Structure formats: structure tokens, C-alpha cells
Amino acid sequence: MKIDLLSCIENLNMWKSGKQRAPHKPLLLLLALSKVAEGKRLLSFENVVYPELQKLLKKYGPPRRIHHPEYPFTRLEETSDADAGFWELRTDGEMAPEKRKDNKNELIRVNAHGGFKQEIFDDLSKNTKNIELIASGILSSHFPNSIAEDICEELNFNFTNNDLDFSSRRRRDPDFRRHVLRAYRYKCAATGWNLQIGADHKMIGLEAAHIFWHSLDGPDTIDNGICFCKLAHNVFDNGGFSIDENFCILISPEIHGTVGLDLLDIKKGKSIKLPERKEDHPNQEYLAWHREEVFQGYE
């Protein structure tokens, strides 16, 4: 296609303020790609984008009292010029000049619709593999794999965890997992899980979790890693629990279910198991980031 959508998205201008997460544009693009797979191009702001993106932001965005699906809906057009841009907005009338273009009520009043330009939609519809390629790149660039898998399932993308990659994505240090697991003496910091099998003591279900996400340029250093069992890692990445400045567990009030954290012995106030060397302890700056940008319940 004439417009290089892959390049446009890789170079997309994202809102930044310090280390705050802003996954609004990535999630909207993923939603739009999922709709292309259903044969839908221009999406109603009122009936599709607002309710569905709001849901995605609540589930996979940072913990905020209010989310604004209207911001990326209009700003994707603003960040792309008429020739090389990829996002199109249409309305049934003019917006009030005294109102901001991203005013939610105005977008509803003028029956705003938005989506990929016709040229891009046609190309994606003919080459559905490109939908998977672009979606996998967005996911791997903005979310850890544990959350990317859940987004894939919710939006009906049919690729595997091994496909979550971009050629230009910053690669993880291959020694990161080995160094973190060794620092934590091959034991989950939250649960104590240390299952092994065979004469060579192969570790089962232990992972090295990034506190400050690798996809957001978190470093591959031991003080940005914690050894968790696979299930604890998933709950941590989804904000179900976090760790305070005293290395004690915080439990999100959003956690539900009859069997879960109690079974894993993840309890409020419990101290996590720490590496012997103090310099390998979780970095306080990264822990604070997790509490503010991931944990569902930080006050």
C-alpha cells in the first residue's frame, strides 16, 4: 500500500508525561484493526468507540478514575497529514467552533465516525496477515506478554505469543531471567513456589517479571526484576497486587473470585522474599511506578 501503515504506527507520537502510561492510541488502533477483520471501516464514536475503548482502557490502561476515549479518536487524525496520514474522521455536520474538537458530547451530536482511510482498509482486508503483523507490533511495543495475550483473546486476534514482536523492538537481555532467578534463589518472591523436576532440577513455572515494563523501556537489571511463579506474574502485571516501599504486598480492592490469592498465599502486608544482596533488591523508583501506573487501587 502507498501509505506505510506499519511505519506510521511505529513512529506515532504518543502522549508522555514522565513515566505515566498512555495506551489510548495503541488500544484504539487495536480495536480498529479488530473491526477491519469484521469488515468494518468507519466506527461510530457513540456506539462503538466510546463504549468499547472505555472498556479496554479500564481493563488494560493505568488506574484512573476517568478515561477519555475521545482523545485518541480525534488526535489520530491530527497526528497524520492529508497525504501520509492513515486515520479519517467524518461527521454529519460542523462542530461548534467554541467547542474543543475532542469534546465527547460534540462528537456524539455530530454523529462522528472514524477509522482507517479507504486505501489502508482495502489493503488490510485483502492481506489479513498484515492485521496480525501490525497488531502484534502494537502489543509487543506497549504491553507485557501476560496482558497482550488477554487483549488478543478479547479482540479475537488469532496469533500466538511467539508472534508478539516487531523487528525494531528493543530486545530483552537473554541473561535477564537467569540473573533474576538466581538472585531470588530460584523461588517465587510472593508465594515461595520452587517446583523442580528431573535429575537436572529443571525449574517449572518460574519467571522473571519486569517491575517497570520492558515494553516501556524498563531496564533488564536485577533491581527491575522479581522472580514470580507464572500465575503471580500475571496477577502482578494486571495490577492485582503490588509492593510497597517496605517490600510488603498490597492487594487491589478490585480483586474478585472465590479461589485465588489465598491459595497462592499472597496476602496483604506479607513481606516478599528478597535477594541476599541489597543492591539486587527491587528499585524503589520502579516499585513506585508500578503502584501508580499498574496497581488497581493505589491512593
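The values are calculated or read from the model by the stated rules, or taken from the named source; none is laboratory data. All figures in this text were calculated on a predicted structure; none of them were measured in a lab. All Cβ positions, even for glycine, are placed from backbone atoms using ideal geometry, and neighbour counts span all protein chains on display.
Looking only at residues that are among the hydroxyl-bearing types (Ser, Thr, Tyr) and within 17 Å of the chain's Cα centre (by Cα) in the stretch 204-245, which one is farthest from ARG172 (Cα to Cα)? Among residues in the stretch 204-245 that are among the hydroxyl-bearing types (Ser, Thr, Tyr) and within 17 Å of the chain's Cα centre (by Cα), the one farthest from ARG172 (Cα to Cα) is SER242.
The rows are residues; the columns are (1) at pLDDT below 95; (2) touching a strand residue (DSSP E or B) at 6+ places or on another chain (Cβ under 7 Å); (3) surrounded by 18 or more Cβ atoms within 10 Å (Cβ to Cβ); (4) within 24 Å of GLY240 (Cβ to Cβ).
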site: SER167; (1), (2), (3), (4): yes, no, no, no
site: TYR184; (1), (2), (3), (4): no, yes, yes, yes
site: CYS188; (1), (2), (3), (4): no, yes, yes, yes
site: GLN196; (1), (2), (3), (4): yes, yes, no, no
site: ASP200; (1), (2), (3), (4): yes, no, no, no
site: GLY205; (1), (2), (3), (4): yes, yes, no, yes
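Of all the criteria given as (1) free of Cβ contacts under 8 Å to residues at least 60 places away in the same chain; (2) within 22 Å of the chain's Cα centre (by Cα), the one not satisfied by GLN296 is (1).
Just need a number here: residues in the stretch 273-295 that are among the aliphatic types (A, V, I, L, M) and surrounded by fewer than 21 Cβ atoms within 10 Å (Cβ to Cβ).
So the count comes out to 2.
Tell me, which residue of the stretch 241-255 that is among the polar types (S, T, N, Q) and under 11 Å from VAL294 (Cα atoms) is surrounded by the most Cβ atoms within 10 Å (Cβ to Cβ)? It comes out as SER242.
Within the stretch 12-20, identify whether any single residue is closer than 19 Å to ASN238 by Cβ, modelled with pLDDT under 90 and not acidic (Asp, Glu), and answer yes or no. For the stretch 12-20, residues closer than 19 Å to ASN238 by Cβ, modelled with pLDDT under 90 and not acidic (Asp, Glu): present. Close contacts from the stretch 184-196, counting a first residue that is β-branched (Val, Ile, Thr) and a second that is surrounded by fewer than 18 Cβ atoms within 10 Å (Cβ to Cβ), with Cβ to Cβ under 7 Å and a gap of 6+ residues or different chains, come to THR191/ASP265. If you go through the stretch 235-284, how many residues are of a type in the set (Asp, Glu), farther than 22 Å from LEU57 by Cα and modelled with pLDDT under 95? Here the count works out to 2. For the stretch 31-41, the set of residues classified as surrounded by 17 or more Cβ atoms within 10 Å (Cβ to Cβ) and either closer than 30 Å to GLY297 by Cβ or in contact with a strand residue (DSSP E or B) (Cβ under 8 Å, 6 or more places away or on another chain) (or both) consists of LEU31, ALA32, SER34, LYS35, VAL36, ARG41, listed by residue number.
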